[in-house]
């Protein structure tokens, strides 16, 4: 393992897992041990997982495919939204939309309605409505922006999903599994790595750990996009 990378991961608390009583036994092979009642993640395993995940994501982005960023974890919302936007990828940060992956053919009609409403408002077409009607439509736009704003440019199911917390956003993981979409995810000591295509063992709680790992993902995607 690269010493510089190991030090960076350590400095960003990537190795710090959950308290030992909250662990998932399936993470055992990714753990180094425990200290003061907290599991310590094996950074060699993190390095291996990160390398495989980034190679996969870079290949996808190089082919012009979409990776859906998913995180409803409060401390990560701004990070995920800004990160996804910076590499031109769709994202979900408010709450998971049931059926986004498993029933996209139906949900896309809702997305189209949302996009059309925004276009009408931007073009001044709302002037044809009464003030009450226009206010009601603006409220609908605001509501849909929260749930659909990050996927408004999605034309079909994503080619992969990147999940920050597989326990919190397990519905997204389940939907991706049902459809057969590859899942890249940060897997903390309480996660089940066996349902993840490309697990990245690491701390999914500390913002500095998330910033570091998500930054690596964004850098790989942008590198591939620029090479197109």
### Task
Can you give me the P(r) profile for the range 104-151? Cα pairs, bins 5 angstrom wide beginning at 0, each as a whole percent.
5, 22, 30, 23, 13, 6, 1
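So what is the relative contact order of the chain, in percent, for Cα pairs below 8 Å that sit 6 or more residues apart? Before the final figure, lay out each step's value.
Numbers: 369 pairs, mean separation 70.3, N = 228.
Relative contact order of the chain: 31 percent.
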### Query
Using a basic spin-label model with each label point 7 Å from the Cα along Cα→Cβ, how many nm lie between residue 223 and residue 178?
3.5
#### Entry: Sites residue 143 and residue 44, calculated FRET efficiency, Cβ-Cβ separation with R0 41 Å, nearest 0.05
0.35
### Summary
With a Förster distance of 35 angstrom and the Cβ-Cβ distance between residue 32 and residue 94, calculated FRET efficiency to the nearest 0.05 equals 0.50
## Note on the structure
Taking the alpha-carbon centre of each part, the distance from the range 64-143 to the range 10-33 in Å is 35
### Query
So for the pair residue 59, residue 127, with labels modelled 7 Å out along Cα→Cβ, what separation do we get in nm?
5.4
## Note on the structure
Helix 170-179: inclination vs the chain longest Cα principal axis, degrees, rounded to 10, gives 80
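Helix-only mean residue ellipticity at 222 nm, the chain, DSSP H runs n ≥ 4 weighted -39,500 (n - 2.57), per residue, nearest 500. What is it? Please report the intermediate quantities before stating the final value.
Numbers: 7 runs with 107 residues, N = 228.
The helix-only estimate for the chain comes to -15500 deg cm²/dmol at 222 nm.
Here, each number is a calculation from the coordinates, and none is a lab measurement. This is a predicted model, so every value here is computed, not measured. As a convention, Cβ positions derive from the backbone with ideal geometry for all residues, glycine included, and neighbour counts pool all protein chains shown.
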